[in-house]
Every structure is written in structure tokens, then in C-alpha cells.
Amino acid sequence: MIQPLRVVHRRAFVALAVVLPAILLIGLGARRPHLGPSAHATDVPDTGNMVRESSTLWQKHSIQSRFYSKPDRPLDTYVVLLPAEELNEPDLLLYWATNAPQGNVLPGEAQLLGAFTTGKAFPLPLNEKGAGHLVLFSPAHQTVFDTARVEKLP
């Protein structure tokens, strides 16, 4: 009576040893591609024109902000953030909002620019006013890490 059960168990374990890794590989292959930190960010071309530069925009931290435009697309504006010290906050996200955040709540109309990476250029979705707020948001703590008011950009 025990011998037939052992045979069934042995066959079940052999089948699982083949089926489970196959399911895992199929699942990994079917996933959507992961967007890394530079998925939305682009490098500033060497021919980019600096529109504006400021190190006093941010409220809580010293972050140098450089705004660029490309010669072939002068209406597109990019921002490059260079913090004076390393920002010790996990997984910061950079948002663009037309209205200032209230407390630690991200504005509802805020548009995600991408995962914050030092030295990467992020395209700004400027409206007709050309002004707004850059917001560094920490999803790990669900708080606004820092904000910067951006005056009208050309």
C-alpha cells in the first residue's frame, strides 16, 4: 500500500521539477518591460542651448537646476538637476505640476517626468504660461521631498 503512494509522489515531484521552472520562465518572459531610471530621461546634447541656470530654486536642498533647449526644437525645454550633496532618499520621482503642492500631498494634476537621476535631462511639459513647480516625491515615505518654483521659461 505504501509502495504505490511512493511511486505517485516520485512522479509528482519529477513533474513539478519540470513544470514549475517552465511556468516561472514563461511568466518572466510575459512581463512588461521594466522602465529603468533613464527611460524618460535623455542626455542633453552637446549642442543644447542653456536657457537658464539657478541654484536657489529649491526650498529645502541646494540643487543646481539647468534648463536647456535643443537648437532643432527651441520650444522643448529640458531640466538637469545637480544636487550639491547626495540626496539620501530612496527612489525619488520628479514631477511637474502647475500648482504648488499643499503640505506632503502631490497635486492631482502633477505629471511624472521620471525617476530622479543626477545629471539627466528631463523634458518639461510646459503650458502656455511656461511656469510651474518641480516636485521631488518619495513614494517610499509618501511625502514631498522638495519643491522648486519655476518662473516663466522662454
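The values are calculated or read from the model by the stated rules, or taken from the named source; none is laboratory data. Only a predicted model underlies this, so the values are computations on that prediction, with no experimental measurement involved. Every residue, glycine as well, gets a Cβ built from its backbone with ideal geometry; the counts of neighbours run over all protein chains shown.
Suppose the filter is modelled with pLDDT under 85 and buried (at least 16 other Cβ atoms within 10 Å of the Cβ); does Glu89 pass it?
For Glu89, the condition - modelled with pLDDT under 85 and buried (at least 16 other Cβ atoms within 10 Å of the Cβ) - is met.
Looking at (1) surrounded by fewer than 14 Cβ atoms within 10 Å (Cβ to Cβ); (2) touching a His at 6+ places or on another chain (Cβ under 6 Å), which is the one condition that is false for Thr147?
(1)
If I ask for residues that are of a type in the set (Gly, Ala, Ser) and within 18 Å of Asp146 (Cβ to Cβ), which ones from region 56-94 would you list?
Matches in region 56-94: Ser62, Ser65, Ala84.
Could you give me the residue pairs with C-beta distances under 9 Å whose first residue belongs to region 98-127 and is closer than 16 Å to Phe67 by Cα, whose second residue is exposed (fewer than 14 other Cβ atoms within 10 Å of the Cβ) and of a type in the set (Asp, Glu) wherever it lies, and which are 6+ apart or on separate chains?
Phe116/Asp91; Thr118/Glu86; Gly119/Asp43; Lys120/Asp43; Ala121/Asp43; Pro123/Asp76; Leu124/Asp76; Leu126/Asp76
Rundown of residues vs (1) of a type in the set (Asp, Glu); (2) surrounded by fewer than 14 Cβ atoms within 10 Å (Cβ to Cβ); (3) under 11 Å from Thr147 (Cα atoms), yes/no style:
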site: Trp96; (1), (2), (3): no, no, yes
site: Gln102; (1), (2), (3): no, yes, yes
site: Leu106; (1), (2), (3): no, no, yes
site: Thr117; (1), (2), (3): no, no, no
site: Lys120; (1), (2), (3): no, no, no
site: Pro123; (1), (2), (3): no, no, no
site: Leu126; (1), (2), (3): no, no, no
site: Gly132; (1), (2), (3): no, no, yes
